[in-house]
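Q: One structure, as structure tokens, below. Some questions next.
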Amino acid sequence: MSNAKNNGNICKKYSNNTLLFAVICDSAGMIIDFSVGNFRSIRDLKNLSLLAYNRKNDDLCENKIDYTVRGFKNSVLKGAVVYGGNASGKSNLLMGVAAFLNFALHSFQEIKPEEQIPIEPFLLDETSRNRESVFEINFIVDEIRYSYRLELNRTRVTHESLASYPKGISRNLFTRKYTGGSGNYSFEKSVYFKADFDLFYKVRDNVSYLSYALASNVDALMPLYRYLSSIEFISGVKPFQSATELKLFNNEPSSPKIKDFIKSADLGIRDIQVKKNPLSKEQILGIYGSKSSLYDENNPNHPFNLDVDFAHRGYEDKEYTIPLQNESDGTRKIFRLIGPLIDIIAKGGTLFIDEIDTSLHPLMVKELLKLFFSEKNTKGAQIVFTSHNPILLDANLLRRDQVWFSAKNDFGETDLYPLLDYSPRKGESLIRGYLGGRYGAIPFFESIEKSMDFRQ
């Protein structure tokens, strides 16, 4: 346990003055809120808060963590969901956070001096096309609250700052501002920030100071780096990386839990086998071109794939194996999702998932989310996800302050707003309210019907 007065989840449900639930968790770090502005369909700065709405007789109190650490006393949610119609911009919100963190942590290593910054501003008005994209994240690491902000365009970073709140009062650690001209920046550094001031003058216009300082091994930033780099993103559209396969192949601590979940998920799977399959010379040539020297099966670094087979029970109680690629879309998604998910819960961190319900049964989604919103989540792991499935709203799974909506106006601009804006009554059917259009963020098809004429 840390030195915080209470760094953890002390969650109480009272029935006849009896304590029903109480869990203490040691959190590695948590997001308080994040903001995205002038990125793709998001024109003005939009903020999603993971601060719990404090009220008496709180329901689902296990879905939050109560923090009292060095000037910060509040409850942070273990997760949030964003609902919205197709093309409403909910995926852009997650993409914005991913692009922001990738640039902040890796731009020095990934962007060459002559390259433009891969940022996409809002393109449907002339002003936004030419102004900076803005990103900000507030988070807790090692009992201290931090705020990190970036403003940038395709050419350069125009503002970068990091502040801490060790005693509840903002303490600027560093600020970097573009003042005009090539490489003209002003810098401010706190005496509390232990870093060589000369480093500021070595940072290129098109990279973050944070990424350069991390590459220069600035010790003061390492706790922040470890937490921010632990934030993971998974898209329901793009193919998953082989994180689960690697964890099983390397027999990582999470491996038994991965297998236990898959075997208990009513998929008919008895066991999982992961084996190394060296790439053929033809495959290597196809991937690496002329680098045929990589073809050496006796070399431990020889490129390889991981083949995954699932053992199933067949007739006469015989066991048959089926390769992963022959399993259903749902099974493949569960398998590749469960590795990062279990890892986040075991170690702490934050997981962003776009379209969590793609190819998954709603009850399976519910079971996955219950892993986060339970006493088993002892590290303060968080999940932020997008969804179309309204069943989760009335599943006694999500708090009202965990639900957000996204919608586009007539000018193609995404709006983001919480369910709490509508002050839903206790016991009110959120599914009925959502599908009935009370909260917005649903598609309307009247114009489609009118535009279609099959008589011609």
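The values are calculated or read from the model by the stated rules, or taken from the named source; none is laboratory data. Fair warning: this is a prediction, and the values are worked out from it, not measured in the lab. Every residue, glycine among them, receives a Cβ derived from its backbone with ideal geometry; neighbour counts consider all protein chains shown.
Q: Here is a list: 367, 316. Which entry is over 17 Å from the mean Cα position of the chain (by Cα), over 25 Å from residue 229 (Cα atoms) and in the same structural domain as residue 95 (by TED's automatic domain parsing)? Even if it seems obvious, please write down each step before you answer.
A: Values: 316 fails: in the same structural domain as residue 95 (by TED's automatic domain parsing).
Being over 17 Å from the mean Cα position of the chain (by Cα), over 25 Å from residue 229 (Cα atoms) and in the same structural domain as residue 95 (by TED's automatic domain parsing) holds for just one of 367, 316, which is 367.
Q: Taking the condition in the same structural domain as residue 408 (by TED's automatic domain parsing), of a type outside the set (D, E, K, R) and over 24 Å from residue 38 (Cβ atoms), does residue 165 pass? Write out each step before concluding.
A: Working: in the same structural domain as residue 408 (by TED's automatic domain parsing): yes; of a type outside the set (D, E, K, R): yes; over 24 Å from residue 38 (Cβ atoms): yes.
Criteria met by residue 165.
Q: Consider the stretch 221-238. How many of its residues are over 15 Å from residue 94 (Cα atoms) and at pLDDT below 90?
A: Matching residues across the stretch 221-238 total 1.
Q: Identify, please: which residue in the stretch 182-210 is of a type in the set (Asp, Glu) and modelled with pLDDT of 90 or more and is, among those, surrounded by the fewest Cβ atoms within 10 Å (Cβ to Cβ)? Even if it seems obvious, please write down each step before you answer.
A: So the first thing to find is which residues in the stretch 182-210 are of a type in the set (Asp, Glu), and the list is 188, 196, 198, 205.
Okay, now just the ones that are also modelled with pLDDT of 90 or more, so 188, 205.
Working: 188: 13, 205: 16.
Top of the filtered list is 188.
Q: Also, I was wondering about something else. Looking at the structure I just gave you, is residue 179 at pLDDT 95 or above and polar (S, T, N, Q)? If you could, list the steps in order and put the result at the bottom.
A: Details: at pLDDT 95 or above: no; polar (S, T, N, Q): yes.
Judged against the criteria, residue 179 is not a match.
Q: At pLDDT 90 or above, of a type outside the set (S, T, N, Q) and at negative phi - does that describe any residue in the stretch 239-250? Talk me through it step by step, then tell me what you get.
A: Filtering the stretch 239-250 for residues at pLDDT 90 or above gives none.
Checked against the condition, which is being at pLDDT 90 or above, of a type outside the set (S, T, N, Q) and at negative phi, the stretch 239-250 yields no hits at all.
Q: Go through the residues of the stretch 73-91 one by one and say whether even a single one is of a type in the set (Gly, Ala, Ser) and surrounded by fewer than 16 Cβ atoms within 10 Å (Cβ to Cβ).
A: At the first step, the residues of the stretch 73-91 found to be of a type in the set (Gly, Ala, Ser) are 75, 79-80, 84-85, 87-89, 91.
Still in the list and also surrounded by fewer than 16 Cβ atoms within 10 Å (Cβ to Cβ): 87.
Yes, because at least one residue in the stretch 73-91 is of a type in the set (Gly, Ala, Ser) and surrounded by fewer than 16 Cβ atoms within 10 Å (Cβ to Cβ).
Q: With respect to the numbered conditions (1) outside any strand (DSSP E or B); (2) under 24 Å from residue 98 (Cβ atoms), which one is the sole condition not fulfilled by residue 194?
A: (2)
Q: Okay, moving on. If I go through the stretch 27-52 residue by residue, how many of them are part of a loop (DSSP other than H, G, I, E, B) and under 14 Å from residue 402 (Cα atoms)? Quick ask: steps written out before the conclusion?
A: Initially, the stretch 27-52 is screened for residues part of a loop (DSSP other than H, G, I, E, B), giving 27-29, 38, 40-41, 43-45, 50, 52.
Among the residues that remain, those that are also under 14 Å from residue 402 (Cα atoms) are: 50, 52.
Residues that pass the stated criteria total 2.
Q: It is to be established whether one or more residues within the stretch 53-61 are in contact with a strand residue (DSSP E or B) (Cβ under 6 Å, 6 or more places away or on another chain), touching a residue at least 40 places away in the same chain (Cβ under 8 Å) and assigned by TED's automatic domain parsing to the domain that holds residue 167.
A: In the first step, residues of the stretch 53-61 are kept if they are in contact with a strand residue (DSSP E or B) (Cβ under 6 Å, 6 or more places away or on another chain); the result is none.
No, every residue in the stretch 53-61 fails to be in contact with a strand residue (DSSP E or B) (Cβ under 6 Å, 6 or more places away or on another chain), touching a residue at least 40 places away in the same chain (Cβ under 8 Å) and assigned by TED's automatic domain parsing to the domain that holds residue 167.
Q: Here's a follow-up. Can you find even one residue in the stretch 46-62 that is of a type outside the set (S, T, N, Q), within 22 Å of residue 228 (Cβ to Cβ) and modelled with pLDDT under 90?
A: Within the stretch 46-62, not a single residue is of a type outside the set (S, T, N, Q), within 22 Å of residue 228 (Cβ to Cβ) and modelled with pLDDT under 90.
Q: Condition check: within 30 Å of residue 433 (Cβ to Cβ), among the hydrophobic types (A, V, I, L, M, F, W, C), touching a residue at least 24 places away in the same chain (Cβ under 8 Å) and assigned by TED's automatic domain parsing to the domain that holds residue 400. Does residue 93 satisfy that? Talk me through it step by step, then tell me what you get.
A: Details: within 30 Å of residue 433 (Cβ to Cβ): yes; among the hydrophobic types (A, V, I, L, M, F, W, C): yes; touching a residue at least 24 places away in the same chain (Cβ under 8 Å): yes; assigned by TED's automatic domain parsing to the domain that holds residue 400: yes.
For residue 93, the condition - within 30 Å of residue 433 (Cβ to Cβ), among the hydrophobic types (A, V, I, L, M, F, W, C), touching a residue at least 24 places away in the same chain (Cβ under 8 Å) and assigned by TED's automatic domain parsing to the domain that holds residue 400 - is met.
Q: Name the residue, out of 151, 115, that is surrounded by fewer than 21 Cβ atoms within 10 Å (Cβ to Cβ), in the same structural domain as residue 31 (by TED's automatic domain parsing) and within 21 Å of the chain's Cα centre (by Cα). Explain how you work it out, then say what you get.
A: Numbers: 115 fails: within 21 Å of the chain's Cα centre (by Cα).
Just one listed residue meets the conditions, 151.
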